[in-house]
Amino acid sequence: MKEFLWLIPALPLAGSILLAALGRSIPARVSAAIGGGTVGLSALAVLAAGVDFMSAPPPEGFHVQGLWTWVDLGWFRAGAALRLDALSLTMAAVVTFTAFLILVYSAEFMEGDEGYSRFFAYMDLFVAAMLVLVLADDLLFLYLGWEGVGLCSYLLIGFWYREANNGYAARKAFIMTRAGDTAFVIGIILLAASFGTLDITAVMEGAASEWQGGRLAAAAALLVLAGALGKSAQAPLQTWLPDAMAGPTPVSALIHAATMVAAGVYIIARTHVLFALAPWVMDLVAALGAATLLISAFSALVQHDLKRSLAYSTMGQVGFMFLALGVGSWQAAIFHFMTHAFFKALLFLSAGAVIISLGGEHDMRRMGGLRSRLPLAFWTFLAGAASLSALPLVTAGYYSKDLILEGALAGGGTLLWGAGIIGAFVTALYAFRMVFLVFFGEAGADVKRRTGLKAALPLVALSALSLLAGFFGVPSFLEAVLPASQAAPPVGHRWAGILSSLVPLLGAAAACLLYLGKRGIVERLAGSGPGAVLHRFLGSGWGFDWLYERLFVRPYQLAARAGRADIIDAPYAGAVRLAERLNGLLVKTQSGQVRRYAAGMALGALLALGAMVFI
Amino acid sequence: MILVWAVVIPLLGGLAAWLSGRLGSAFPRWVSLSALALDLVLLLTLLDGGPAGSRWLAEIRIEWIPVIGAGIHLAADGLSLALALLTAFLGMAAVAASWSGIRERTGFFHLCLMSVIAGVMGAFLSLDLLLFYVFWELMLVPMFFMVAVWGREGRYRAALRFFIFTQAGSLLMLASILGLYFVHGTETGRYSFDYADLLGTPMGLATEFWLMLGFLAAFAVKLPAIPFHTWLPEAHSEAPTGGSVVLAGLLLKTGAYGMIRFLFPLFPDAAATIAPVVHVLAVVGIIYGAVLALGQTDLKRLIAYTSISHMGFVLLGIFAWEGLALNGALVLMVCHGASTGALFIIAGAVEERTHTLDIGRMGGFWSSAPKMGGAALFFALASLGLPGLGNFIGEFLVLLGSFRVNAAAAVFAALGLIASAVYSLWIIQKVFHGPAPPEAGIADIGGREAATLASMAAVLLWLGLFPGPFFERTGIGTAASMPTGSEIEREAVTGVAGRIGREKSGRPPGLARHGAGEGPEEMRGRQQGK
């Protein structure tokens, strides 16, 4: 299987090219079969590679397959190569299996859309790019995947391109992540200029031996972090994610929940050597993760749009992963990436089932009482919400989140741990708020369509994973690539552990109190003066959009509009006008009056004579 | 002899096209297309490599005006050949793009087009400064006619501006050529316009500097560099589509070529002196062009401003005068020719169908013309530097190379990557996305347009994914060391040539020697110390 590693990204890529070439000429069933089938085959290839990898582990812990030499010029060399190790295998497995389930679901969800084939072409392209990202052994090749997923995200957010708002959301996502990506590119350039190669192993070895405690390591880590913040929608580059929900729901599930937004987590884990060299950058990672967690959790609590609420939730959960990375619990971060991929994809897909059966309704205020009318969506959403809240013992989310909180206490201190605890509480609160608003209470809109088999199977499979995936031994499996957390647990960590297990239950109970039955307290709170202001503030994502609009968007647009006529042209235009004026003046001398000509001649002769005499 | 034919064939083809125009308007098109195809095939034979021991893949000297020391000296190395191939290729694209748009005086149009191409080709191949100047002027006049006769409403003004700007630059260059000629003559007693003779002419720094400025004026106007760019948006947007393709794809490249071939090798110290200033101009150009592009309402004008931004990268790459950056600039030149040329062709196709270039009156064309939309998306992505397409390789190498020379300039230039995303996606949004137009929409691209665009896309994909052969056969590194005493130049050129194939360990040689803890700061110091 080692020799066929290239098949893993190549299969979805082939599917995408095939779909693009065939275009609208093939029936929908065939499009779906090509789109889902190639990703399914890719998942099988990952499975085969995984079995192969685990039955006969390579001695150095990873296996590299070189594809071709991309750039080899002077002192710089970058190759297109794939690398299979515990980390990339975990990532690839999660990506392909989740993507396959989501594509099966999409076959039903996208039915009747005029862009059916285009949808699968873009989705396959995304999967291929994502697999390049996680399997690349070279940072430049990784960047190819990195920009590739960004492109597909843009294409799929703006999938329904007739709506100008969707286009705006798509461009916002692309441009904001590009801002991070540009920093990332500068980081790549810094590494390449220092080591002459972008081979990840060589770069990390070089950094470890030559950059000990140096400012360059911190600079490189900061630049990589900036790229990660953009891609993973972490503060301060987070505001594109809620708008990205303009895309079809399976897109939100795959790209903006399960896989792409975790790319930032992956890149930090992949370059953890760099971050370990710069402790204060690690602290920054943890702080930004914790900040994003709190910002987004409170925003999720007040959203009316079901998908936006889930989007804020995704930001928060990725914030948890950043928190784990920042305190050195690398394994916990990747573990949480995996469980999050399952339960968040599940939440989005069951939300999609709700939305489509209500004829495209997103607003939770117009939902309600759907428990009995959409039992499948209810039970699966409940499983996802339970895992998101990390209800102890029975959900996968519990195991990964507990590991993160444990690491935060040991490696980060009480402050970060406290932020994590508050975040976990609010997470459980808003998760069950969604459950109660959508599925309990008075009946809202009418159900127009029932979930079919193709959508039901992925929902059931993801529910099972969301509840049971916690039993996979991911952390110990990752030990070969990511070092275990070194920090010793502080005194009293047992009590802290019990508290962190209880917090989700408290959150769920609070949600019961606030949102089940009459919502008097909430309505009174939101209705009071300061409460309404706070509600608006949180609902808008803490005003970041407002700020960025004034700081960046408007000045840029103003400059573009002001510069339309090109200021630099002014001197040239001035020169033209000057020439025309002079021309006008000189034209006047050609008056046709003989007297003037004679006077002019006399004057000229006089001047010439004077010049001859005196000079 | 191939080199002579490479220049003569477009000229003869142009004359034949003109004459055949009397038989019918289809004839000039086919004649021009076949002449350029023949030219392309001829040039491709040079890829096999030149005679052993020579830095030129092909070289020829024919006596011209021996009295004053001017000869017909043509030669091609990797740099010339890459650009000559681009010239023939984009020439064909320009003919194809004018197929249905040019209906009046087709014969004369093709004479003009082919003369421009011959001039560009000659400029890329000549090594005699007087001959170079002749070709440089040969581009100018027919281009003027192309804009002035077949252009849009504002064509006279645009053509005149184009002429005055470039002519002012050219005359300064002529003065410098003559100055160099006499300085060299009085120093050595041998009066010659030949490149090989003039290299390494001994002169004081002040003399060198003023002579260099003359060349810089001509090349900076042509490139164009800020603040000499204002002729470009107008000329591009008023020219017929074929003219825009040739202007953006080829004429701009002659400025960059001149800097690499003549400016740096002839005046190495003066060029190094002014380099920091040019770095600033380049970075300002990158940002300025990108910001102004967003403000435009005319589709062709918008694309024209993106050219200014891209050429800023080329300028930065050249004045970094570092092996990677130079090769990056070359790749970027070729890819900019293909991607921007293609965008102009698409803009032309839209104009033909809707009779407007106002993006405010476009939108939603994706539903009626998905192939055209897909193509536009592809080239817009190339233009924003998506990895996997050639422009990215060019920009990345420029940034990487110049980072070691001037890290601050490279970092600020990288901001252009964000700005390019803004305008590229704006084009797609305004023209192809958005609500469907109330009318029936537009016809999708036909076979001829599809073939043209597909070939340009293939070039971008090839250079984006497998640039290896390009660097091997046509890169600046294959030029071997130039016969000059200049240290800075030798470092840059042999830096690539010498190390290709040897340093496979992937480490910059400096680091291996100098031990641990060394960053680009130190490397930069060393490089400047030389």
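Whenever you get a sec, line up A:HIS256, A:HIS304 from highest to lowest accessible area (probe 1.4 Å, protein heavy atoms).
Working: A:HIS256 0, A:HIS304 65 Å².
If we order A:HIS256, A:HIS304 from most to least accessible, we get A:HIS304, A:HIS256.
Quick one: grab the alpha carbon gyration tensor of the protein assembly as shown, order the square roots of its eigenvalues as a ≥ b ≥ c, and give me rounded if a/c is under 1.5, else prolate or oblate depending on whether a/b is larger than b/c.
prolate
Residues with beta-carbon under 13 Å from that of B:ASP194, excluding B:ASP194: net charge, scoring Lys, Arg +1 and Asp, Glu -1?
-2
Sort B:20-27, A:338-345, A:496-503 by the packing proxy (mean of other Cβ within 10 Å over each peptide's residues), most packed first.
Ranked from most to least packed, the peptides come out as A:338-345, A:496-503, B:20-27.
Just to check I understand the Karplus step: with θ = phi - 60° and J = 6.51 cos²θ - 1.76 cosθ + 1.60, what whole-Hz values come out for the stretch A:404-412, glycine and proline as x?
So the Karplus estimates, Gly and Pro as x, are 5, 5, 4, x, 5, 5, 6, x, x Hz.
Residues of B:283-289, mean number of Cβ from any other protein chain within 10 Å of their own Cβ, rounded to a whole number?
Numbers: counts 0, 1, 0, 0, 1, 5, 1.
Counting Cβ atoms of other protein chains within 10 Å of each residue's Cβ and averaging gives 1.
Round to a whole angstrom and tell me the spacing of the C-alpha centers of the stretch A:302-351 and the stretch A:447-495.
What the calculation gives is 11 Å, centre to centre.
How far is helix B:129-150 tilted, in degrees, relative to the longest principal axis of the Cα atoms in chain B, given as a value from 0 to 90 rounded to the nearest 10?
10
If DNA, RNA and ligands are ignored and the probe is 1.4 Å, what is the ranking of A:TYR266, A:TYR122, A:TYR399, A:TYR168 by accessible area, most exposed first?
Correct descending sequence by accessible area is A:TYR168, A:TYR399, A:TYR122, A:TYR266.
Using alpha-carbon positions, what is the distance between the centroids of the stretch B:149-211 and the stretch B:446-478, in Å?
Using only Cα atoms, the two centres lie 32 Å from each other.
For chain A, what relative contact order do you get, as a whole percent, if you take Cα pairs closer than 8 Å and at least 6 residues apart?
With pairs under 8 Å counted, the relative contact order is 12 percent.
As a test of the formula, what do you get for chain A when each DSSP H run with n ≥ 4 contributes -39,500 (n - 2.57) and the sum is divided by the residue count, at 222 nm and rounded to the nearest 500 deg cm²/dmol?
Helix-only estimate at 222 nm: -23500 deg cm²/dmol.
May I ask which of B:LYS371/B:LYS430; A:LYS307/A:LYS344; A:LYS344/A:LYS518; A:LYS172/A:LYS231; B:LYS253/B:LYS430 have a Cα-Cα span longer than 18 Å here? Mind dumping the intermediate values first?
Details: B:LYS371/B:LYS430 16 Å; A:LYS307/A:LYS344 11 Å; A:LYS344/A:LYS518 28 Å; A:LYS172/A:LYS231 12 Å; B:LYS253/B:LYS430 29 Å.
The pairs that break the limit, which is 18 Å between Cα atoms, are A:LYS344/A:LYS518; B:LYS253/B:LYS430.
Could you bin all the Cα-Cα distances of the stretch A:416-461 into 10 Å bins starting at 0 and give me the percent of pairs in each, rounded to whole numbers?
Bin by bin from 0 Å, the calculated values are 20, 26, 33, 16, 4.
For A:ASP138, which sequence-distant residues (separation of 5 or more, or a different chain) have an amide H within less than 5 Å of its own amide H, given hydrogens modelled in the peptide plane?
Residues meeting the amide H criterion: A:ALA81, A:ILE200.
Return the aspartates and glutamates within reach of A:LYS2: Cα separation strictly under 13 angstrom, same-chain partners fewer than 8 residues apart disregarded; answer none if there are no such residues.
Once the sequence-local aspartates and glutamates are set aside, what remains near A:LYS2 is A:ASP52, A:ASP85.
Quick check on the protein assembly as shown: of the DSSP beta bridges with both residues there, what percent are antiparallel, nearest 5%?
If I count the DSSP bridges inside the protein assembly as shown, around 95 percent turn out antiparallel.
If the cut-off is a Cα-Cα distance under 12 Å, which aspartates and glutamates reach B:LYS300, setting aside same-chain residues fewer than 8 apart in sequence?
B:LYS300 reaches B:GLU234, B:GLU238, B:GLU351, B:ASP358.
What is the helix-to-structure angle for B:407-431, meaning the angle in degrees between its Cα long axis and the longest Cα principal axis of chain B, kept from 0 to 90 and rounded to the nearest 10?
Approximately 10 degrees, to the nearest ten.
I'd like the projected area of the stretch B:187-346, averaged over all directions, using the convex hull of its alpha carbons. Report it in nm² with one decimal.
Values: hull surface 38.5 nm².
Averaging across all directions leaves 9.6 nm² for the Cα convex hull.
What longest region of chain B stays clear of GluC sites (Glu not before Pro) that DSSP places outside H, G, I, E and B and that have at most 16 other Cβ atoms within 10 Å?
With GluC sites (Glu not before Pro) excluded where exposed in loops, chain B gives B:154-438 as its longest stretch.
Which distance in Å, rounded to a whole number, links the C-alpha centroids of the stretch A:378-422 and the stretch B:245-319?
Distance between centres, Cα-based: 54 Å.
Under the rule that an exposed site lies in a DSSP loop and has at most 16 other Cβ atoms within 10 Å, name the longest stretch of chain A with no GluC sites (Glu not before Pro) of that kind, not counting the sites themselves. Mind dumping the intermediate values first?
Values: sites that count: A:GLU60, A:GLU111, A:GLU114, A:GLU163, A:GLU442.
Maximal segment without exposed cleavage sites: A:164-441.
Ignore the peptide's own chain and count Cβ atoms of other chains within 10 Å of each Cβ in B:423-429; give me the average, rounded.
That average works out to 4.
Taking only protein heavy atoms and a 1.4 Å probe, what accessible area per residue, in Å², does the protein assembly as shown have with all protein chains in place?
Working: 40410 Å² over 1145 residues.
For the protein assembly as shown, the solvent-accessible area averages 35 Å² per residue.
If packing is taken as the mean number of other Cβ atoms within 10 Å per residue, what is the order of B:288-294, B:225-231, highest first?
B:288-294, B:225-231
Is there a simple number for the mean count of other chain Cβ atoms within 10 Å of the Cβ of residues in A:561-570, and what is it? Before the final figure, lay out the partial values.
Details: counts 3, 3, 9, 8, 2, 12, 4, 8, 7, 1.
Mean number of neighbouring Cβ atoms from other chains: 6.
Roughly what angle does helix B:487-499 make with the longest principal axis of chain B, taking Cα atoms, 0 to 90 degrees, to the nearest 10?
Helix B:487-499 sits at roughly 70 degrees to that axis.
On each of the three principal axes of the Cα atoms of chain A, give max minus min coordinate, whole Å, ordered largest first.
Between the extreme Cα coordinates on each principal axis of chain A lie 113, 61, 60 Å.
B:HIS433 accessible area, nearest 10 Å², 1.4 Å probe?
20
Please identify the trypsin sites (Lys or Arg not before Pro) of the stretch B:67-154 that satisfy two criteria: DSSP loop assignment and at most 10 other Cβ atoms within 10 Å. Which are they? Let's see the in-between values first.
Values: sites: B:ARG103, B:ARG105, B:ARG152; in loops: B:ARG103, B:ARG105, B:ARG152.
Passing sites in the stretch B:67-154 are B:ARG103.
What are the ³J(HN,Hα) values, in whole Hz, obtained from phi via the Karplus relation 6.51 cos²θ - 1.76 cosθ + 1.60 with θ = phi - 60°, for each residue of the stretch B:195-200 in sequence order, with x given for Gly and Pro?
Residue by residue, the stretch B:195-200 yields 4, 4, 6, 6, 4, x Hz.
The values are calculated or read from the model by the stated rules, or taken from the named source; none is laboratory data. Just so it is clear, the structure is predicted and the values come from calculations on it, not from any experiment. Positions of Cβ are backbone-derived with ideal geometry, glycine not excepted, and every protein chain shown enters the neighbour counts. Ligands, DNA and RNA are excluded from the accessible area calculation, which covers all protein heavy atoms including side chains. Shrake-Rupley method; radii C 1.70, N 1.55, O 1.52, S 1.80 Å.
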